[in-house]
Amino acid sequence: MKKHLARIAIGMAIVALFLAHAVHVLRVPLLDNLEAIVYDTRLRLTMPRTVDPRVVILDIDEKSLQEKEKGGEGRWPWPRDRLALLLDKLFDKYGIAVVGFDVVFAERDESSGIRVLERLGQRELKAVPQFQSVLDQVRPQLEYDDIFARKMKGRAVVLGHVFLSDDPANATKKGMLPPPVLPAGAFGERRVGVTSWAGYTANLERLQRAAASAGHINPLPDQDGITRRVPILVEHAGAYYEPLSLAMVRAVHDRPPVVPVVSQDGITANYSGLEWIKTGPFEIPVDFQAAALVPYRGSKGSYRYFSLVDVLNERVPVEELRGKIALIGTTAPGLLDLRATPVDPVYPGVEIHANLISGILDGNIKQRPPYVVGAEFVLLLLSGVALALLLPLLTPFKSMLVTALVLVTVVGANLVVFHTGHLVLPLASGVLLVLILFTFNMAYGFLVEARGTRLITGLFGQYVPPELVEQMALNPEQFNMAPRAEELTVLFSDVRGFTTISESLSPDDLSVYINDYLTTMSLVIREGHRGTLDKYIGDAVMAFWGAPMADPNHAQNAVLAALDMMKQSAVLNKKFSDKGWPPFAIGIGVNSGVMRVGDMGSQIRKAYTVMGDAVNLGSRLEGITKQYGADIIIGEATKKRITGIVLREIDLVQVKGKDEPVAIFEPLGLEGEVEQSKLDEIKLWNQALRFYRAQDWDKAELQLMNLKKISAKPYLYDVFLERIAGYRANPPDSAWNGVHKFDTK
């Protein structure tokens, strides 16, 4: 822990910055923007994308705005006698439950010409009794506002109005507001963060008095201009007003009172405790501004739309509208009621009200109460401190796993709470904190590791092969260069007849030839099978497995490397042949056993290498590959440690410098990849070997002759036929156990 104090301290400072943002001591605009983006993403991922059949939209669309001769009603606003007729159609014919106007009727309707007639009656025709009499008779039919008001009376008609300006000095007040849902002083001395407006544009008094109720149509766009919320309570002149959506729901349910639900726990100067608005059976969660998050069902078109002119002309089937909650609004671009929302950059404002109505009815409006500040603080504190303390102590891979686990847990739990519990907990700050802590620790570790690599390279570069430097730099204290005894596997390879090859090439071609060969073989060993390159001796390669990094599969990896080296030899020979260069053949010896590994050499030059009898035997096995015409020969100790590889026993030999005989084997390929004919050949060979060791020369010779006929590489069989001929001439003694002695290396 002491070693990582600096990294832990910086991590804690990062956590402290995020905590300061969470409690509003220090605001980071980037985090606010990210939180909005994350909220929008969660919303889009969890939207039901279904159509709510309870709510319909009667659309003042382009079709409705066409001239009458084209089937429309002409430009908006329409004469209110037509809207009066519309109300008759909706309630008498279609049996609508409630209709809400996402429209403000702030101006008198003079389209009937009544005002012109009144002026004539007051001036030019004032003295004409017949005109005055006719005017009195037709006035009721020409007062379209009165007609419209009469048709509203006693029906569930909800009007819309707009609040304007938060500056009392510049506020204008037009029309008549509906009665407030909460009177002035409803919250007593408690400070409630309700949005206040000083001015308004409302409906004509006669219309407002005739309507069942009215609600404001003000959204509450966030700083990025996106409409995510609608204020459920709006303050004006001390009183509180409801939105159109809530007014319509209340109109359907006999207008139950609006009751604010205030928590008495944890109330502070910045937290009034207002968390819900209750009306009848419905509870609407609100935030610190008494606003509700709009529960968007999907992109635009989440509700059934009917052209208003089709309803007016009874072209819509009755069953499509019976008992529905109807909103009258517009999607026509020219009427400018389009909003930017999380689900669509161009979204009809009328559909925002529809979504909020659905959310109130379903009780699925997301909650973002003021106390989530505390939840965010606790989340950041727990996850941030844990990672700040833990990540410096872990390896990069374990750090990635822990970070991924924390991210999946935080994001998964947040989505579950968001979708099923309808609770909006902050997510962006937590995710960003986790990612910043991870990135910082990885960058810090990389820089320290790079510094350690330079240090180790400077100290040990002359002793240690380059491939060990990176591993040692990670945890240099774990690597001891002192020689020690370990069970390892060693590999030797050599190009046969390299002198002849070198004499046939120019010096430049020879340089390219040997470089290509050594590079190819080295990549197979190092990159393909995690071996440690020990040294090059001319064209010979020496490598080992199991050190400096422990490898329990050292024998298996070494043999697989030898098989891949043979495959790459064929590829390389094709390349050389295309250049007109001579082909090459290699022999590989592999052996396992206890070896001395470490920093060995003189005071002038040292190397990280292996030594011991097992190493010497590996070298001898490579040397005798050409005696048997084998590409690869492995020792008996290696054979015992590998699986899944087809082997052919070659012989029982006593190499120069060794007293004990060892069985040697030739790996032919992976199980399942060796042809059946080769497997059959191995069975026949094993029989021949048994006859040979039993000194049954005739049967051994016959079997070997048969093998020569079917084998593509009969060299091994010729070797044993030659031996049998020699033993016939000079029979071995009775103690002979089939061992063949080599007097040369």
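The values are calculated or read from the model by the stated rules, or taken from the named source; none is laboratory data. Please read these numbers as outputs of a predicted model, since none were measured by experiment. Because the Cβ atoms are built from the backbone with ideal geometry, glycine has one as well, and the counts that use them run over all protein chains shown. Protein only, heavy atoms only, side chains kept; ligands, DNA and RNA dropped before computing areas. Shrake-Rupley method; radii C 1.70, N 1.55, O 1.52, S 1.80 Å.
Points to keep in mind about this one:
- Projected label points at Y536 and H253, each 7 Å from Cα along the beta carbon direction, are separated by 8.4 nanometres.
- Additional length obtainable on full extension of the chain from N170 to E283, 0.36 nm per residue less Cα span: 37.1 nm
- Sorting the segments 656-666, 209-219, 506-516 by their mean number of nearby beta carbons within 10 angstrom, highest to lowest, gives 209-219, 656-666, 506-516.
- Net charge contributed by nearby residues that have their C-beta within less than 12 Å of V104 (K/R +1, D/E -1): -2
- Across the range 480-557, the convex hull enclosing all Cα atoms gives 107 Å³ per residue.
- DSSP-defined antiparallel bridges as percent of all bridges, the chain, nearest 5: 65 percent
- Summed over the residues of the range 596-736 and divided among them, the accessible surface reaches 52 Å² per residue at a probe radius of 1.4 Å.
- Where Rh is the Kirkwood radius over Cα pairs, Rg/Rh for the range 296-370: 1.01
- Sites K574 and V739, calculated FRET efficiency, Cβ-Cβ separation with R0 35 Å, nearest 0.05: 0.30
- Rolling a 1.4 Å probe over the protein heavy atoms gives the range 276-317 an accessible area of 35 Å² per residue.
- In this rough spin-label picture, where each label sits 7 Å from Cα along the Cβ direction, the R49-T520 distance is 5.3 nm.
- Dmax and Rg, reported as Rg then Dmax, of the chain (C-alpha, Å): 45.4, 159
- Only protein atoms count toward the accessible area here, which uses a 1.4 Å probe; on the range 704-745, the carbon and sulfur part of that area reaches 54 percent.
- Here the extension length gained between L30 and A106 equals 23.2 nm, from 0.36 nm per residue of separation less the Cα-Cα distance.
- With every protein chain in place, the range 10-94: carbon and sulfur % of accessible area (1.4 Å): 62 percent
- Stretchable slack from V23 to D508, in nm (0.36 nm times residue separation minus alpha-carbon distance): 167.4 nm
- Charge tally around L425: other residues with Cβ under 14 Å, Lys/Arg +1 each, Asp/Glu -1 each, net 0.
- Nearest-0.05 FRET efficiency for V261 and Q223, computed from C-beta distance (R0 25 Å): 0.35
- Projected label distance in nm at A404 and K713, using a 7 Å step from Cα toward the beta-carbon: 4.2 nm
- With K and R counted +1 and D and E -1, the other residues having a Cβ less than 11 Å from that of E660 yield a net charge of -2.
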